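What follows is calculated from the coordinates using simple rules that are stated; it is not laboratory data. Predicted model only: the values in this text are computed from it and were never measured. Note that we place each Cβ from the backbone using ideal geometry, even for glycine, and neighbour counts take in every protein chain shown.
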Amino acid sequence: MTVRLRAHHLLCMLTFVGEGYSPAFIANYRRIAERLTGGEEIEMVEGPDDLCRPLCDSAEAHCFRESVCERDAAAALAVSALLGRSVEAGVRFLPDAATITRLRQAFVAGSIRAACRECEWAYLCDDIAGKGYRGALVHPC
């Protein structure tokens with residue numbers, strides 16, 4: 001199987017510890033974290049993905065906001081530059097240990113965090129990254 005992710009969720013997955021928008025969102029994210037840790041391939045998508053699609057009940061949902069699309073664009077640009085390959089919609093790759101490690105190192109250094117500006121969860125992610133990702137539920141495989 002494949003986990004479909006939008007670009008800014010590549011950053012969110014690095015620090016997910018089981019907190020989120022609602023109990024349903026958290027339960028879904030936990031299942032996806034297990035799949036990613038199990039080595040499932042990631043397919044990049046535009047718009048709602050496997051994390052947020054179950055919660056998108058209307059065109060006014062959070063995941064359709066312009067600010068979220070801008071976050072995706074910033075994340076795609078930063079992650080593509082870091083990895084030396086495109087992470088645009090349609091691209092597939094494995095979240096292997098080397099990739100997760102590179103992403104986490106860049107995240108804690110702040111070099112791929114442009115997408116995190118004005119995110120309501122940034123303080124939590126700062127704390128988790130600052131503590132060496134202790135408690136994060138996506139583990140390098």
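Descriptive notes on the structure:
- Between the exposed loop cleavage positions of the chain, defined as GluC sites (Glu not before Pro) in a non-H, G, I, E, B DSSP state with at most 10 neighbouring beta-carbon atoms within 10 angstrom, the longest gap is 1-59.
- Between His139 and Leu124, residue separation times 0.36 nm minus the direct Cα-Cα distance comes to 3.6 nm.
- Taking the charge dipole of the chain about its Cα centre, with +1 at Lys and Arg Cβ atoms and -1 at Asp and Glu Cβ atoms, the residue from Tyr133, Ala76, Val91 reaching farthest to the positive side is Tyr133.
- Between Ala129, Ala74, Ala27, the residue with the greatest mean-square fluctuation in the GNM of the chain (Cα pairs under 10 Å linked by springs) is Ala27.
- Dipole moment magnitude, nearest 20 debye, the chain about Cα centre, only Lys, Arg, Asp, Glu C-beta charged: 460
- Projected label distance in nm at Val91 and Arg117, using a 7 Å step from Cα toward the beta-carbon: 2.1
- For region 2-130, relative contact order (Cα pairs under 8 Å, six or more residues apart, normalised by length) works out to 32 percent.
- For region 95-141 versus region 5-54, the gap between their alpha-carbon centres in whole angstrom: 14
- 222 nm mean residue ellipticity, helices alone, for the chain (DSSP H n ≥ 4; -39,500 (n - 2.57); rounded to 500): -14500 deg cm²/dmol
- Matching label, mean projected area of the Cα convex hull in nm² computed from the structure shown, candidates (i) 8.6; (ii) 8.1; (iii) 7.5: (iii)
- Local net charge near Val91, Cβ-Cβ under 11 Å (Lys/Arg +1, Asp/Glu -1): -1
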